[in-house]
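What follows is a set of notes on a single structure, which appears directly below.
The values are calculated or read from the model by the stated rules, or taken from the named source; none is laboratory data. Please read all numbers here as calculations on a predicted model, not as lab measurements. Here the Cβ positions follow ideal geometry from the backbone for every residue, glycine too, while neighbour counts run over all protein chains shown.
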Amino acid sequence: MLIASTAKNLHEALASTSTVPIASRTIICVPTMGALHEGHAALVRRARSWANNNDPAALVVVTIFVNPTQFNDPADLQRYPRTLDADCTLCEAAGADAVLCPSVEEVYPPNAPPKPSDSELPAVATAPKLEDARRPGHFAGVYQVVRRLFELTRCRRAVFGEKDWQQLQLVRAMVQQLNLSIHIDPAPTIRESDGLAMSSRNRFLSPTERAVAPAVYRAMQAAQRTNSIADAERTMRETLQHAGLDVEYAVAREAQSLMPITTSTSTDRASVRLLIAAKLGSIRLIDNAPWG
Ligand code: PAF
């Protein structure tokens, strides 16, 4: 597996591995910020298996870049785990052809597109008042970096986890807005055996908090057994509060726009997404699931 820190080195090294011209090979990007776990390995394996089944010449490129522009708390950026050696080992085992771990200067040269303003962002990044309201500037940073990672890797396909549902909708909307020919492949959330969604933050949970955390999954399962939006939301909130979590939101929203479901909108279960953000001590957990 190749490890490159610039796009130039990445493409030169990939080109030298085969007689097939690099420009005619599909590059599948798996964007990450490192601190990789089984959930990320599943994204890489998904990209590999798509390539093996559909386009054997395709190349799987994982990007590892802790993007400073998407952190609204500098302390969070500072303490974000950096585990590059272990990350590369995981990528190789999961079937990546290359890892691109660029510097801040490589990702953000002076002529790179700036962080978009709120009015330039797709509505799903500002209107729902979910992650957007709790993390001001976060989605502008995600938009800015994903756009650049797509440019640097020259990918035609990219895998994003459903775990960050609002981010996934933003990336889809960005691809449309910028008219990019990149297929976004959503990957199901990978869970621990007790239902806790895998996340780089789980390592910060104390043993007591870890035992409580699966309540997030149980709350969504309980909501799946309800028959109205109001009951789904109340059930999630009550389950979370009963377990001792501090609820930021526990909502059932239109799955793509993430806007509230009004009586005038259809409540076809398949178009509803359950979304939760709750805190356990200082650790913020987010998760989502279909309603039906
Ligand atoms: O989901 C993440 O890990 C990040 O937000 C992403 C998409 C790699 C952009 O930095």
Quiz item: Residue check: is residue 159 assigned to a helix (DSSP H, G or I) and either of a type outside the set (Val, Ile, Thr) or within 11 Å of the ligand (Cβ to nearest atom) (or both)?
Solution: no
Practice problem: Out of 69, 26, report the one residue that is touching a residue at least 60 places away in the same chain (Cβ under 8 Å), out of contact with any helix residue (DSSP H, G or I) (no Cβ under 6 Å at 6 or more places or on another chain) and of a type in the set (S, T, N, Q). | Solution: 26
Quiz item: Within region 190-199, can you find the residues that are touching a Phe, Trp or Tyr at 6+ places or on another chain (Cβ under 8 Å) and within 15 Å of the ligand (Cβ to nearest atom)?
Solution: 197
Quiz item: Any residue in region 72-86 that is of a type in the set (Asp, Glu) and modelled with pLDDT under 95?
Solution: yes
Quiz item: With respect to residue 99, is the statement that it is within 20 Å of residue 32 (Cβ to Cβ), within 15 Å of the ligand (Cβ to nearest atom) and outside any helix (DSSP H, G or I) true?
Solution: yes
Quiz item: Can you name the residue in region 164-189 that is in contact with a helix residue (DSSP H, G or I) (Cβ under 8 Å, 6 or more places away or on another chain), hydrophobic (A, V, I, L, M, F, W, C) and within 12 Å of the ligand (Cβ to nearest atom) and is also farthest from residue 126 (Cα to Cα) among such residues?
Solution: 187
Quiz item: Within region 136-156, which residues are more than 15 Å from the chain's Cα centre (by Cα), within 15 Å of the ligand (Cβ to nearest atom) and not β-branched (Val, Ile, Thr)?
Solution: 137, 148, 151, 152, 155
Practice problem: Could you list all residues from region 102-135 that are without any contact (Cβ under 8 Å) to a residue 12 or more places away in the chain and either charged (D, E, K, R) or within 16 Å of the ligand (Cβ to nearest atom) (or both)? | Solution: 105, 120, 129
Exercise. Look through 253, 203 and report the one residue that is among the basic types (Lys, Arg) and either at positive phi or outside any strand (DSSP E or B) (or both).
Key: 203
Quiz item: Given the structure, is residue 43 surrounded by 18 or more Cβ atoms within 10 Å (Cβ to Cβ), aliphatic (A, V, I, L, M) and within 15 Å of the ligand (Cβ to nearest atom)?
Solution: yes
Quiz prompt | Among residues of region 66-96, those that are in a helix (DSSP H, G or I) and touching a Gly at 6+ places or on another chain (Cβ under 7 Å), counted | solution = 4
